[in-house]
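Down below is the structure, laid out as structure tokens.
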Amino acid sequence: MEHRLARIAREHVFDFAQHLAATREPANTYRLWTAADIIMGGYCSGDAFHYFQMWLVGLGREA
């Protein structure tokens, strides 16, 4: 992704970052964090939950 983003205009990278943050926001709930904790075997740190959210967004709308 870094390679692809390096080839586009800076304002488009900023737009992408804003869109990604807005898309991730609905997944920022304690209920989902609890689910991630269970999936990850009982310990999901703040960083791990952030990565989990990014993974979830990467799955797409259908997921």
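Things to note:
- Nearest-ten-degree value, helix 46-59 long axis tilted from longest Cα axis of the chain: 60
- For the stretch 2-59, alpha-carbon Rg and Dmax in angstrom: 13.8, 41
- To the nearest ten degrees, helix 30-39 and the longest principal axis of the Cα atoms of the chain are 80 degrees apart.
- The dipole here belongs to the chain: it is taken about the Cα centre, uses +1 on the Cβ of Lys and Arg and -1 on the Cβ of Asp and Glu, and is about 120 debye.
- With Cα atoms, 0 to 90° folded angle of helix 10-24 axis to the chain main axis: 20
- In loop segments of the chain as defined by DSSP, the trypsin sites (Lys or Arg not before Pro) with at most 10 further C-beta atoms inside 10 Å of their C-beta are ARG7, ARG61.
- In a DSSP loop and with at most 11 other Cβ atoms within 10 Å, the GluC sites (Glu not before Pro) in the chain are GLU62.
The numbers here are math on the coordinates, done by the rules we state, and not lab data. Since the structure is predicted, the reported quantities are computational estimates derived from the model, not experimental observations. Positions of Cβ are backbone-derived with ideal geometry, glycine not excepted, and every protein chain shown enters the neighbour counts.
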